[in-house]
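Bear in mind these aren't lab numbers, they're just calculated from the coordinates by the rules spelled out. Keep in mind that what you see is a predicted model, and the values were worked out from it rather than measured. Neighbour counts run over all protein chains shown; Cβ positions are idealised from the backbone, glycine included.
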Amino acid sequence: MNQTFKIQIQGRVQGVGFRPFIFNLAKSFQLKGTVSNNESGVIIFCNTSESKATQFLENICHSKPKMAIITSHTLTEVSFTNYDDFTIIPSEATAKITIPLTPDFAICTTCKTEIADTTNKRFQYPFTTCVNCGPRYAITETYPFERAHTSMENYTMCTTCVNEYENPADRRFHSQTNSCSSCGIQLELVDGKGNTISKRQEDIITKTVELLRNGKIIAIKNTSGYLLCCDAANPTAIQTLRQRKKRPSKPFAVIYPSLKAIQKDFKISFHEQQALQSTVAPIVILQNTKNTKISTRTIAPNIEQTGVMLPSTALMETLMQQMQQPIVATSGNIHGSPIIADNDTAQKQLQTVADYFLHHNLKVQFPQDDSVLKFSDETEIIIRRSRGMAPNYLGANIDADKNTIAMGAHLKSTFTFVPNKQVYVSQYFGNLDAYEVVQRYENCIQQYIELFDAKPEIILIDKHLQYQSSVLGSEFAEKYNAAIYEIQHHKAHFASVLGEHHLFHSKEKILGVIWDGTGLGDDYKIWGGEFFSYHHQKIERLTHVDYYDWLANDKMAKEPRLALFSLLNEEDRAYIKDKFSNTEWNVYTKTIRSNTLQTSSVGRLFDAVASALDITDINTFEAEAAMRLENCAQTSANLENVDLLAHIDYEKIPSKLLLKIILKAYKEDGISKAIIARSFIYTLAKSIIKIAHKNDIKIIACSGGVFQNTVLVSMLHKMAEKEEIKLKLNRKLSSNDENISFGQLMYYQHIKN
Ligand SMILES: [Zn+2]
Ligand SMILES: [Zn+2]
């Protein structure tokens with residue numbers, strides 16, 4: 001055969017067992033040649049005929065490894081090279097990497113079976129992985145994904161591990177994270193003062209389980225960072241964790257030992273089950289039932305839901321197999337700072353929180369929180385996009401010839417990095433008010449610049465220049481001499497959905513409904529209840545929620561009673577006087593008279609309704625009022641919905657009138673909270689449809705944190721279907737400010753006004 005063909009494959013093809021798969025497939029095709037990773041994916045050379053090469057490529061696409069995603073492939077004839085055999089050759093050392101970073105994969109079922117099997121070499125080995133599972137992004141130092149480029153470089157494989165690694169028939173053939181108890185990662189159990197309790201690998205887990213059962217709080221180092229854990233059925237332990245972590249009431253997540261155990265406590269849908277068992281192994285928010293046996297009141301006070309997950313790593317799986325009952329597992333940090341992933345930092349910063357520490361010696365390069373999602377009927381709503389999801393973003397049409405960093409927003413910070421034709425949307429970092437979060441976010445950007453050897457040429461920031469992300473963006477622009485552009489917050493949200501759904505070339509006009517807490521508007525008012533149109537690469541503001549006073553700056557988001565105060569006229573305010581002290585009352589009454597700052601925020605509208613219905617006057621954690629209002633509305637699911645603004649024709653959503661109607665229904669007509677809460681959400685959903693009709697638009701794109709509300713999303717889907725309107729929401733990204741960085745990039749690439 002005097003022909004040589006080159007096959008180039010792009011997509012998620014590294015750290016997923018792609019080369020060993022190619023090797024075995026090539027053997028079965030009796031091909032001779034090579035396979036390697038190069039700058040833009042996997043590259044194969046082989047001596048064969050064109051028809052056989054085509055057949056080979058078709059087979060690759062059909063039977064690719066489970067975790068692989070192929071985004072493109074090419075087949076070309078190249079000048080003839082004679083090969084004697086088929087071999088996997090080491091990666092080419094190249095400067096420009098144009099492949100996705102592979103996210104972490106939750107432990108697979110085969111590995112789970114192995115660690116539970118007393119006769120298996122990996123029985124209870126807490127770092128069991130294979131080509132289908134294990135950490136990837138979390139331990140990446142540089143690229144391509146080879147053992148020597150990860151934190152695994154410090155562990156030399158023993159002879160049996162090497163044999164597995166070299167055996168084409170083995171599941172761990174070319175598995176870069178391969179290790180076992182005789183050559184791998186070591187655990188250490190330490191008390192709060194740093195004294196070693198045990199280094200005996202065989203009984204550390206048993207001891208940890210014992211401590212958990214005795215009500216102790218343990219900081220456990222997962223491969224993506226520390227988790228603070230305690231018995232989920234022990235309210236005293238949970239309460240102690242709350243006090244020490246300075247987290248009075250924000251919900252905690254719970255790890256269950258198995259799907260069966262979850263099913264005993266919760267009624268879960270097919271989609272929820274799929275998500276729980278996926279390779280992301282996220283926290284899924286489930287509705288509590290009468291059978292829920294964990295201490296729900298301390299896990300998520302005042303909320304009838306629990307965030308539940310299955311073990312994501314062999315370590316947590318081993319622990320849970322022995323524990324056999326649910327444990328609380330919350331990010332290892334002190335309130336407001338980022339998740340800790342380094343042993344010394346954990347020992348120092350968490351010494352007042354944890355009674356014991358379960359450390360190990362694998363270095364975490366990219367710490368990540370657990371991802372969180374929930375379902376509105378069948379629609380998946382991403383609440384936090386992190387471990388298992390970040391940083392890939394596959395499927396964006398990117399035409400960037402310049403290295404670009406979009407800096408995102410402030411409260412739910414992420415950044416989007418374009419070092420080539422790939423788009424990387426970082427994991428969630430958190431609120432940039434905290435210095436440690438800023439540091440983590442900044443360091444991570446710097447790590448990307450080095451990882452890809454790509455100095456930024458364009459920096460995109462929010463129009464709000466006091467955002468820490470904007471401040472840092474300016475610093476980066478100066479440091480790298482990059483061009484800088486400001487992009488309005490809500491237009492970025494809109495662009496994020498348009499980008500996710502490839503709608504920029506739409507011939508039809510699109511309605512953008514962008515509802516969130518706050519963002520600086522073009523008129524220097526605080527936007528948050530916006531209606532835009534998109535047509536021919538232009539975004540225009542159509543209308544908005546009628547402005548009302550923005551009181552007391554940041555305090556307004558923390559105190560729903562202030563939003564209510566602002567939305568009521570003087571006469572109706574008498575109803576809510578008992579929510580304030582006399583001094584407060586006088587101060588706010590005076591403030592509002594001279595106030596000039598206005599807002600259209602729908603987030604605050606939800607707050608005001610929650611306060612009007614006496615659900616929450618002061619938040620004890622972010623978005624508490626909105627969550628509890630949603631919960632309240634869910635309890636009236638079977639009742640009729642009422643459009644509270646049915647008989648009113650309006651250009652702008654009459655925010656104050658809406659609150660007046662709600663207050664009257666509650667205080668004077670004695671209608672139940674649940675019905676009012678549900679009708680309020682229904683009225684908002686209706687307003688979207690009405691405004692779409694008014695503007696003769698058949699495609700609606702929604703974004704912003706408000707669209708994490710399952711009741712709203714469910715109602716909107718039903719209305720849109722009935723009216724034959726296409727409804728688009730964020731899919732792979734969260735609808736909250738986590739999508740701003742991606743939206744900034746999309747806006748910059750596609751919008752011309
Ligand atoms: Zn596995
Ligand atoms: Zn080994």
Self-check item: Nearest-ten-degree value, helix 18-28 long axis tilted from longest Cα axis of the chain
Solution: 40 degrees
Exercise. Work out, step by step, the length gained on full extension between ASP643 and GLU724: first 0.36 nm times the residue separation, then minus their alpha carbon distance; give nm to one decimal.
Key: 27.2 nm
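If each DSSP helix of 4+ residues adds -39,500 (n - 2.57) and the sum is divided by the residues in the chain, what number results at 222 nm, nearest 500 deg cm²/dmol?
Values: 23 runs with 248 residues, N = 753.
Helix contribution divided over all residues of the chain: -10000 deg cm²/dmol.
For the chain, which longest stretch is free of loop sites, where a loop site is one of the GluC sites (Glu not before Pro) that DSSP puts outside H, G, I, E and B and that has at most 12 other Cβ atoms within 10 Å? Write down the numbers at each step before the final one.
On the way: sites that count: GLU92, GLU378, GLU508, GLU570, GLU571, GLU640, GLU651, GLU668, GLU724.
Here the longest segment lacking exposed loop sites spans 93-377.
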Quiz item: What is the dipole size for the chain, taken about its Cα centre, with +1 at each Lys and Arg Cβ and -1 at each Asp and Glu Cβ, in debye to the nearest 20?
Solution: 1040 debye
Quiz prompt | Between helix 740-750 and the chain: long-axis angle, C-alpha atoms, 0 to 90°, nearest 10 | solution = 80 degrees
Quiz item: Using the C-alpha gyration tensor of the chain, what are the square roots of 5 times its eigenvalues, in whole angstrom, with the largest one first?
Solution: 46, 33, 23
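Can you bin the stretch 166-215 into rounded, prolate or oblate? Criterion: square roots of the alpha carbon gyration tensor eigenvalues sorted a ≥ b ≥ c, rounded for a/c under 1.5, prolate for a/b above b/c, oblate for the rest. Each step should come with its number before you reach the end.
Values: a/c = 3.90, a/b = 2.64, b/c = 1.48.
In terms of gyration-tensor shape, prolate.
Antiparallel as a % of all DSSP beta bridges within the chain, to the nearest 5? All intermediate terms of the calculation are to be shown ahead of the outcome.
Working: 78 of 108 bridges.
Within the chain, antiparallel bridges account for around 70 percent of the total.
Counting other beta carbons within 10 Å of each residue's own, what order do LYS412, LYS348, LYS579 fall into, fewest first?
Numbers: LYS412 24, LYS348 12, LYS579 20.
Ranking LYS412, LYS348, LYS579 by Cβ neighbours within 10 Å, fewest first, gives LYS348, LYS579, LYS412.
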Quiz prompt | Alpha-carbon centroid distance for the pair the stretch 504-542 / the stretch 348-375, whole angstrom | solution = 39 Å
Quiz prompt | Charge context of LEU101, other residues only, Cβ under 12 angstrom, K/R +1, D/E -1 | solution = 0
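Stokes-Einstein at 37 °C, 0.692 mPa s, Kirkwood radius from Cα pairs: D for the stretch 391-487 in µm² s⁻¹?
Working: Rh = 13.2 Å.
Translational D for this selection: 248 µm²/s.
Cross-link list LYS455/LYS491; LYS412/LYS507; LYS538/LYS694; LYS216/LYS250; LYS216/LYS246: which exceed 22 angstrom alpha carbon to alpha carbon?
On the way: LYS455/LYS491 27 Å; LYS412/LYS507 33 Å; LYS538/LYS694 20 Å; LYS216/LYS250 20 Å; LYS216/LYS246 17 Å.
Over 22 Å apart, Cα to Cα: LYS455/LYS491; LYS412/LYS507.
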Quiz item: What range in the chain is the longest one free of chymotrypsin sites (Phe, Trp or Tyr not before Pro) that are in a loop by DSSP and have at most 11 other Cβ atoms within 10 angstrom?
Solution: 81-523
Quiz prompt | Net charge over other residues, Cβ less than 11 angstrom from the Cβ of ALA685 (K, R count +1; D, E count -1) | solution = +3
Quiz item: Sorting SER611, SER72, SER182 on the 10 Å Cβ count, fewest up front, what's the list?
Solution: SER72, SER182, SER611
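In a shell of Cβ-Cβ distance under 13 Å around LYS673, excluding LYS673 itself, what net charge do Lys and Arg (+1) and Asp and Glu (-1) give?
Working: positive: ARG628, LYS667, ARG678; negative: ASP614, GLU630, ASP669.
Local net charge: 0.
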Quiz item: In vacuo Debye scattering of the stretch 648-753, one point per C-alpha: log10 I(q)/I(0) at q = 0.10, 0.19 Å⁻¹?
Solution: -0.38, -1.11
Quiz prompt | Segment ASN2-ASP523, length gained on full extension (0.36 nm per residue, minus Cα span) | solution = 180.7 nm
Quiz item: Do you know the relative contact order of the chain, to the nearest whole percent, from alpha carbon pairs under 8 angstrom that are 6+ apart?
Solution: 11 percent
Quiz prompt | Euclidean distance between Cα centres, the stretch 168-241 to the stretch 600-659, Å | solution = 43 Å
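I need to check one value: relative contact order of the stretch 391-487, counting alpha carbon pairs closer than 8 Å and at least 6 residues apart, in percent. List each step's numbers first, then the result.
Details: 191 pairs, mean separation 26.4, N = 97.
Result for the stretch 391-487 is 27 percent.
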Quiz item: With each pseudo-label sitting 7 Å past Cα toward Cβ, what's the THR159-LYS656 distance in nm, one decimal?
Solution: 8.5 nm
Quiz item: Separation of the stretch 660-701 and the stretch 278-318 by C-alpha centroid, Å?
Solution: 32 Å
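Taking 4 °C and 1.567 mPa s as the conditions, I'd like the Stokes-Einstein D for the stretch 194-338 in µm²/s, using the Kirkwood hydrodynamic radius from alpha carbon pairs.
84 µm²/s
Quick check: residue separation of GLN263 and GLU584 times 0.36 nm, minus the Cα distance between them. What number comes out in nm?
Working: separation 321, 0.36 × 321 = 115.56 nm, distance 4.80 nm.
That works out to 110.8 nm of additional length.
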Quiz item: Where does each of HIS505, HIS360 land when they are ranked from fewest to most other beta-carbon atoms within 10 angstrom?
Solution: HIS505, HIS360
